[in-house]
Every structure is written in structure tokens, then in C-alpha cells.
Amino acid sequence: MPGLIRKKAMLQGILVGAMGVSACPGLIAEERVKDINLDPVVVTASRTERLQSEAPVRTEVISRTEIDKTHARSLKEALANVPGLQLRPVHGKSGYEAVMQGMTSDQLLVLINGMPMAASTGSTADLSQLALVDVERIEVVKGAASAQYGSSAMSGVINVITRQPQNGLRGSLTYDLGSYGSQNTSGKSSDIAQNHINAAVEGGHGEWSGRLSGDVLDSKGFDADADNWTRPGDEINRKQAEGQLRWQSADGNYIDGTVQHYTEEDKQWLARETLGSTVLYPNKYEDISRNRLTLSSGWQLGSARLSGKLLAEDYASDSVKQNIRDGLRLDLYDDRDMELNTRFLSLQLDLPAARHALQFGFDARYEELKQFKDGVSELNPDVIDGDGFVSRRNYEIFLQDDYFFNASGELVFGLRVQHDSDFGGYASPKISLRYDVFSNANYEAVVRTSIGTGYRVPNLKERYFTFDHSSMYYLVMGNEELDPESSRSVQAGVDLSSAGGSSVSINVFYNDIDDLIQTDEDNYATDAEGNSVYTYKNIDNAFTYGVETAISQPLFNSIKLNLAHTYTYAEDKDTGNRLTRRPEHIARLGIDWQATAALGFSARVRYQSKELSDTEDNTWSPAWTTLDLKLNYHATQSADVFAGVDNVTSRQRDFEREGDFGPVSGRFIYLGTTWKY
């Protein structure tokens, strides 16, 4: 909102306007409504609604338009083009986790409408386990300045925002199918390797509205080498169903309830094993379910706004392995049952005052976890209850003062105090500055600087689990002596933009981390059976720093260019060694060409430099580049046709080379259609 309107809004009504457009009087309300169409509203930066350009903390948004343009089917696919975001396969699972600013996936908090998403391994959220049929946008905030969300948000927050159902009646149906060509498991390039379908219907009248939706993805996987038993592409079937009911009054008060049911069936072809003179060919089968119930509400109390969120989520995984020999299925083994139950309550009061927006809140979280292998608990028997669960409780109070010191700038002071049932209390302060260096009808320059602290207690897996993978000749032991992690984060950047749509963003970051938790791969023992036994350890001192740069430039009225580059350096301060799995350079290039009013083409290029695989051997995973091509055709008012080629050059890792962490999937060609009414 360049120029005079922004300055008037800051001084006369933006604090109230953030709580609902109806609260803004006169001209300011009209201008705000107009501007929302051009500048998306975000909530993750400060836990209140703000225009993206006005957010005090830098927020990156993946819009619904981008999701549709790139045909993203899951949260993992939607995040693939976020600058500086590194996606990694979850070890031993058929999914993906995210890493940014040189930290780990355990230090990244994934939310759905501000409420936590279950961690598939007890610590890391699987980004493949969330379909996007109901999603409006995805917000990404990097660095511990997002510590308003508490523990596990040391490296940042990914917040998935779903759409609110609207009045009237509307619906959509999308179907697409694709092939891995020569890597199809059937051996025939013309066969269909993946089917995907989603549908939604919504409607309402007056104060009531609702939506029903479903998404099914069925993939036969892929095989990079038909002569090798191992397949890098798992056979997967994912299903998600969701229902939502919403009541909203004319003055903005609302109650919103959703229920979501997710199931997944996976089949993995593991590396063959030799037992004496016998060669065995193992498969792993895993069944996953997630039941998620949420209730949220918001109430206008004079000039104040009171909101609340309630979450009950149960996540379960049952996996088992089976060896195949001479076409015969042998006995089952490594039968694991895991349950993670989460309960979450959040209350927040937003209170505007002269030049201030005050925020007071309370979060409470309860988690219980159990895991059995072949009927025997893999948790420390001294800490489990009668049902085999280990649990923890966390209570947090957060305070924030958003102070508008003049028409061009604001200071945000925040403090979060938490009490963990196992580790006691900790306080995380932060401060952010946003300032308009200059703003007129044609150009704008905004500076954002944040200093914050992060804090993360060891999760239940890191403390109590014994991951017995003796069938693969290793174990990972929990370590009850782990200390909580803490960090200090500095983010500073400038955003330059023009009325013509051009923009340049430069952001530098520095994260100083104490007691960083990671698997101790350099020091391991060997048990009586010859298995390598690893454990978790604290690295006393580590740091990461880097520079994020992004450029957006329209060309010839029909072409838009987006270019982004992130440089990251991460080091263990005590040893001087680089931290593994942190590439120095990650680059993204996006080109969108609207050839006609109905026909559009897009290209997405991803580059990642080499990354250190093993400190002791000084081995590196090679650099890689991939290219995706997308086509979208608006055939009729109610029907669209789309097609794409992912990983055009079929750049894949060398599956025979240990420590190569390049792309897993090869070339994938697909075609689909969307029908709306």
C-alpha cells in the first residue's frame, strides 16, 4: 500500500483493521478492501492479520494461484520452489521433511491454521501427508523471530491456511494421471504409474456455511534399475477426507469446526540381505492414519478481539517387514506400532491502544507417544505408563506489543515464557523493526530487522526411543541426558518494489545455536551381534549464517520472471567442521508466460550445490539441477486442462553411491483436468 494510504491507515485504523475490515471506518476500510485484492493478508508473522507488505517480519507466501499453476498435490510439492528451502526424504519413510537456514527439520514448526501438525517420526512432520484441496495459501516465516510460536520454531514456521467456505453452492473435481516412462514398475513406458483425484463441494446461507472434500493419490512407484530388487520409488496410496462447518455473524464473530481423516498405505522394496548362503529380498509395509479435530472461534469485544483454538489429533503407524525367497513370503518381522496423540489449546487477546497493538496469549500442549517392536516397548520402561505411553506437557504465555512510533515505522516487542513438564521454565524474547525508508506512488523501500531467541526441548524420540534396525545392522538409542537447544537469531533485510510489479529482496541471517541436537555419526559402538549403535548428542556450539536474495520482474506484459538464491554456511564452533547436509547454494528460477488469455506456460528450475555427506571421510554429495515444465489451458468457463513434465532431464542420485543425496524421482509426465461449477 504505497504512499499516503499506508500512512493514514497506520495512524488512523490499521490496528483495528487487522481484526476485521468492518472495524475500519470510512475511507480506510474502503482502501483496505481494495488493497487486499492486490496484497495478500498474512497471519503468521505476528499472529494477527496484516497485509503481506505491512508485516513486521518477512513472510513468504505460496498463493492458491501458484499451487494451481504448478499442479502441486501435497504440501511437499507446494514448498519445492520456496527460496532456500531444502526438502529431504524422511529416513525410512515414504515422505519428505523441510530444512531452512542451516538448521534441522526438528527445529521447523509446521502448522495448519496455527495449530501443530503431527510428526510422522515423533519429531518431524511429513510434508507429503497433507493434500491441498482445501488450502488457500501457505505462509513461511524464517528464523527465531517467529518465536511467538514457541518451542520447535527455532528455524521458522510453515503455516498452512485453509479456505473459508462461502455462501451459495459451488464445487470442483480434479483428476490427473502420469507415468515415469522407462522407470514404470510394470516395465511398460505407456502404463499409468500414478492416479490422483480430488473433489470438493461447499455452500452456505446466511450465517452458516460448510465444505466437504476428499483427495486420493495412488502411485505404483518407480524403479530406477529393474535388475535390482531395491526400488527407490515406493508404492503409495494416500487418502484424505475433510469436513468443515462454520458460523459467522455479520460483525465478524465466528465458530469454525473441522474434522479430517487421513490414511496411507506404503510398500517399500529394501536392499537385499544375505544370511549365510541364503539371499533374502525384504519388503516393508506401513499403514498410517491421522484423525484431526479442530475448533476455532473469534469474538469482537468492543475494540478488542478474543480468539481461541482447540486441537485433538491422533496419529498412528503400523509397519512390518517380510522377506521374499524363491517367490515365497517368509515370516513377518520388525513389526512396529507407533501412536502419537496431541492435544493443543490456544487463547489470544488482541487489544488496540494509542499507537499500540497489544497481544496476550496462552498455549497449552500435551503429547503422548508409544512405540512397540514385536510387542515389546522400544521406550525406556522406567518412564512409560501402564499403557506403554511416555508423555510431556508444555504451557506457554506469550506477550506482544506492536508499537507504531510514526507513520513510517513500527517496533514489535515480544516475549514468550514456557514451562515444560520435564525441563522447567524458559523465556524467549524478540524484537522486530519495520520501517518505510521511502514510499511514493511509484516506488517503495522497506527495511525489516528482527532479533529473537529460540528454544527447543528434546522430543520424546530423541530422549526415549530405541530404534532397533538390526535387520539393517544399526540401532539409534535415545539419550535421556540431552539438554534443550537454544538459539539467538538475527534477520535483517530490505525489500524494494515498484508500482509496475518489479521487486528486489535481500535478507541476511545469523543463527547462533547452543546444544544443537543431532545423531552422533562419528562416535558409535558395536554390539555383540555386530550392529552399529548410534545415539543423539548435543553439539555445544554451532552457527549458521547466510544471505537470501530474490528478484521478481515482469517482462513484455505477458511474462513474469522470479529468481532467488540462498547462500548458507553452517559450522560446529568447537571442532571447526562444517555441519553435514547443508548445501552452500540453493537457487530457484521461475518463468511464467501467459501466451493468451486462456493458455499459460510455466517453468521451474531448482539448483542445489554440493553438500557435505560425511565429516570423517570428507565425502560430498554432488550438485544437481532440475527443470519442471507446466501448461495450463482454460478451456471453458467451468473446465481447465493442465499438463506437465517434472524433472525433464531425469536428474537422479546415484543409488549405488552411499552419501549421494540428489533428487530421488526421475522424469514424470502427467495430464489432468479440473471441472468447477
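Would you calculate, for the chain, the mean residue ellipticity at 222 nm contributed by helices, counting each DSSP H stretch of 4 or more residues as -39,500 (n - 2.57) and dividing by all residues, to the nearest 500? Numbers along the way, then the final one.
Details: 6 runs with 41 residues, N = 677.
Using -39500 (n - 2.57) per qualifying helix, the result is -1500 deg cm²/dmol.
In debye, nearest 20: dipole of the range 47-174 around its Cα centre with unit charges on the Cβ of K, R (+) and D, E (-)? Could you put the intermediate results ahead of the total?
Details: 13 positive and 12 negative charges, 19 e Å.
With only Lys, Arg, Asp and Glu charged at Cβ, the dipole is about 100 debye.
Using a Debye calculation, one point per C-alpha and no hydration shell, please list log10 I(q)/I(0) for the range 241-336 at q = 0.10, 0.20 Å⁻¹ in order.
-0.52, -0.96
Rounded to the nearest 20 debye, what is the charge dipole size of the chain about its Cα centre when +1 sits on each Lys and Arg Cβ and -1 on each Asp and Glu Cβ?
Details: 67 positive and 95 negative charges, 568 e Å.
With only Lys, Arg, Asp and Glu charged at Cβ, the dipole is about 2720 debye.
Residue by residue, what Karplus-based ³J(HN,Hα) values in Hz, rounded to whole numbers, does the range 635-652 have, using 6.51, -1.76 and 1.60 with θ = phi - 60° and x for Gly and Pro?
Taking θ as phi minus 60°, the curve returns 6, 9, 4, 10, 10, 10, 10, 9, 7, x, 10, 8, 6, 3, 8, 6, 6, 10 Hz for the range 635-652.
Step through the table entries Lys76/Lys321; Lys69/Lys560; Lys93/Lys321, compare each Cα-Cα distance with 20 Å, and write down the pairs that go over it.
Values: Lys76/Lys321 26 Å; Lys69/Lys560 13 Å; Lys93/Lys321 13 Å.
In this structure, Lys76/Lys321 exceed 20 Å between Cα atoms.
Could you please state, rounded to a whole Å, how far the C-alpha centre of the range 578-651 is from the C-alpha centre of the range 476-520?
Cα centres, the range 578-651 to the range 476-520: 23 Å.
Just to check I understand the Karplus step: with θ = phi - 60° and J = 6.51 cos²θ - 1.76 cosθ + 1.60, what whole-Hz values come out for the range 417-423, glycine and proline as x?
Once rounded to whole Hz, the list reads 10, 10, 10, 9, 4, 10, 10.
Once Lys and Arg get +1 and Asp and Glu get -1 on their Cβ, which of Gly84, Val320, Leu631 lies farthest toward the positive end of the dipole of the chain?
Leu631
Roughly how far apart, in whole Å, are the Cα centres of the range 42-60 and the range 261-304?
The distance from the Cα centre of the range 42-60 to that of the range 261-304 comes to 32 Å.
Count the net charge of all other residues whose Cβ sits under 13 Å from the Cβ of Thr453, scoring Lys and Arg as +1 and Asp and Glu as -1. Intermediate results must be reported in sequence, preceding the final value.
Details: positive: Arg416, Lys430, Arg456, Arg488; negative: Glu485, Asp512, Asp514.
Once positives and negatives cancel, what remains is +1.
Hey, fewest Cβ within 10 Å first, where do Leu599, Leu340 land in order? Walk me through the intermediate numbers first.
Working: Leu599 14, Leu340 24.
By the 10 Å Cβ count, ascending: Leu599, Leu340.
Using Cα positions and a limit of under 16 Å, work out the lysines in reach of Lys573, with same-chain residues fewer than 8 apart set aside.
List returned: Lys537.
Round to the nearest 10 and give me the degree value, 0 to 90, for the angle of helix 26-36's Cα axis relative to the longest principal axis of the chain.
Helix 26-36 and the main axis of the chain meet at about 30 degrees.
Between Leu108, Ala199, Asn394, whose Cα lies farthest towards the positive end of the dipole of the range 39-676 when Lys and Arg beta carbons carry +1 and Asp and Glu beta carbons carry -1, centred on the Cα centre?
Positive-most Cα among the choices belongs to Ala199.
Determine the equivalent ellipsoid of the chain by diagonalising the alpha-carbon gyration tensor, then write out the semi-axes as square roots of 5 times the eigenvalues, largest first, rounded to whole Å.
Details: eigenvalues 314, 182, 132 Å².
Those come to 40, 30, 26 Å.
Size of the dipole of the range 588-658 about the Cα centre, Lys and Arg at +1 and Asp and Glu at -1 on the beta carbon, nothing else charged, in debye to 20?
On the way: 8 positive and 11 negative charges, 89 e Å.
That gives the range 588-658 a dipole magnitude of about 420 debye.
Cα extents of the range 551-670 along the three principal axes, largest first, in whole Å?
That gives 61, 33, 21 Å along the principal axes, largest extent first.
Could you pull out every residue, at least 5 positions away or on a different chain, whose amide H is within less than 5 Å of the one on Thr104? Hs are placed 1.01 Å off N in the peptide plane, and Pro or chain starts have none.
Amide H to amide H, under 5 Å and 5 or more residues apart or across chains, Thr104 pairs with nothing.
Each reported figure results from applying straightforward, stated rules to the coordinates on display, with no laboratory input. These numbers come from a predicted model, not from an experiment. Every residue, glycine among them, receives a Cβ derived from its backbone with ideal geometry; neighbour counts consider all protein chains shown.
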